[in-house]
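The values are calculated or read from the model by the stated rules, or taken from the named source; none is laboratory data. The shown structure was predicted, so the numbers you read here are calculated from the model rather than taken from an experiment. Neighbour counts run over all protein chains shown; Cβ positions are idealised from the backbone, glycine included.
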Amino acid sequence: MSIISEKFSTKISTLKTEFDGNKEVAHQGVKGGLNESELSDLIREVIPKRYKLTKGVIENSKGEQSNETDILIYDDEILPSYMKNELAFVPVESVKYNFEVKSFLNASELKTTLAKFERYRSVGGNSPTVLFSFSSDIDGSEIKRLKKYDKNFFTNPVITVLCTSNKSYYYKSVSDHYLKDFLSNSEFLKLFQEASDLDLDGAIGAMREMMSNDQVLSQMSRSQFALCIQSMIRMNDQSSDIDGKEITVNGQKYSDITFKIHKWVGVEVESNEVELSFLSGISNTLSKGNFGQYLLHSAVKDPQVFAICFEDMWGNLSSQDFDENGLRYDCERFSYSFETSQESSKLIFNVTADS
C-alpha cells in the first residue's frame, strides 16, 4: 500500500469511528451535521484547492432554488456564491458535485433523496449527484434497490453515484462513440443493404452484364447508350475505394453517426476500499491527473459492470441488461444491426454473453 493510500485509509477508519461516536448524540439534526462535516473534511483533502465546499442552496438566474444541500463542491472562478447568515446560495452553473449524506439509508430516505435531486435537475443542475450513507437497513444489493426506485436508472438516473460505507460504491458512466470507429464504410454499406433489402452489388453486376450484351446495345439510341456509359462510370467510381469516401444515407452522413454506452460500474467489499474508491472517483473527476492511482494502488477488488445500455443518436435504446452480482461477460464485445427509412433510422446493439 502506498503512503498516500495508507494515510487516507487511516483517515477513513477515523471517520467510521467518529460516526459510531456520533450515534450517542440524541438530536438528529446535530448528529447529521457532525457526520456531514467530518465527511466534508475528508473530501476537501482530495480535490484541487480551486474548488470550495459548502452547505447551502443552489439557485439559477430565474431565482428558482433547490432544496438545502448537505455538501456542495463548486467553482467560484465560474460564478461566486452569495453568503447570508452562514447559508450559501450557489449559482447552478458553478456546481461541480451535489451530495446528500445519510446516517442510515432506507427506502424512505432513498425516495426523499431522489425527490431532492429531481428538484436540483429542474433548476438546471447537471453535475454528478451523490448519495453517501454511513449505514443501511439492508444486507442485500444497494444498486438493485436504486434501480427499483429510479425510473431512468439505465440512461439518465437522478442519483449518479451511490456509496454505502464499508459495503459498496457505484457510479454511472456514459461514453460517446462514432460508429465509423467500429465499422468501416464497406461493412456499414453491407448492413444498410441488408436492412433496406437493396442489392447494390447485384445492380452493378447487372449493369456490367447489360453493357457487354451486343444485342441489348444494338437496340439503344445514341442518347440511351451515353446515359448507360455515364451511369456505369459513376457506379464504378462509387464502388471503388468505398472506405475512403464519404457516405450519406437518407440525408445522414455516416461519419456523423454516433452512439452512447451507458454503464453502472462499482465495487462491493467490506473494507476501506469502498471509501477509497469513492474519494478517488471525486478526485479524478475534478483533477487533471489521476489521484485514484495513489488511493487505489493496492486495491484487491476490481470494479465490476452491473448494468449496461446502448443508445443511438436518435434516442433508441437496446441491449439493456442488469445483474446485481455483476454482468458476467465482456461488455466491450458487441455487434450491430441497422434499420433505416426516409422517416427514421435505428441502430440495434447486441452483447453476446460468453457461455
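Annotations for the structure displayed:
- Within the range 139-168, tally of residues that are under 12 Å from the mean Cα position of the chain (by Cα), without any contact (Cβ under 8 Å) to a residue 40 or more places away in the chain and within 24 Å of Ser280 (Cβ to Cβ): 2
- Here Thr352 fulfils each of the conditions (1) modelled with pLDDT under 85; (2) under 17 Å from Thr155 (Cβ atoms); (3) of a type in the set (S, T, N, Q) apart from (2).
- If only residues of the range 75-123 that are touching a residue at least 12 places away in the same chain (Cβ under 8 Å) and of a type in the set (Phe, Trp, Tyr) are counted, the one that is surrounded by the fewest Cβ atoms within 10 Å (Cβ to Cβ) is Phe104.
- Candidate set from the range 124-144 (those that are assigned to a loop (DSSP other than H, G, I, E, B) and of a type in the set (S, T, N, Q)); member that is surrounded by the most Cβ atoms within 10 Å (Cβ to Cβ): Ser127
- In the range 44-74, residue surrounded by the fewest Cβ atoms within 10 Å (Cβ to Cβ) [restricted to those that are among the hydroxyl-bearing types (Ser, Thr, Tyr) and touching a helix residue (DSSP H, G or I) at 6+ places or on another chain (Cβ under 7 Å)]: Tyr51
- Screening the range 19-33 for residues that are surrounded by fewer than 16 Cβ atoms within 10 Å (Cβ to Cβ) and outside any loop (DSSP other than H, G, I, E, B) and picking the one that is modelled with the highest pLDDT gives Asp20.
- First in the range 297-319 and farther than 17 Å from Asp256 by Cα and acidic (Asp, Glu), second anywhere and at pLDDT 95 or above and assigned to a strand (DSSP E or B), Cβ under 8 Å, 6 or more apart: Asp302/Val267
- Hey, Ser13 small (Gly, Ala, Ser), at pLDDT 90 or above and either surrounded by fewer than 18 Cβ atoms within 10 Å (Cβ to Cβ) or under 30 Å from the mean Cα position of the chain (by Cα) (or both) or not: yes
- Among the residues of the range 317-353, those that are more than 20 Å from Trp264 (Cβ to Cβ) and either among the charged types (D, E, K, R) or buried (at least 16 other Cβ atoms within 10 Å of the Cβ) (or both) comprise Tyr336, Phe338, Glu339, Thr340, Glu343, Ser345, Lys346, Leu347, Ile348.
- Selection status of Phe99, part of a strand (DSSP E or B), within 22 Å of Glu18 (Cβ to Cβ) and of a type in the set (A, V, I, L, M, F, W, C): yes
- Considered as a group, the residues in the range 169-186 that are surrounded by 15 or more Cβ atoms within 10 Å (Cβ to Cβ) and at pLDDT below 95 include one that is farthest from Leu131 (Cα to Cα), and that residue is Asn185.
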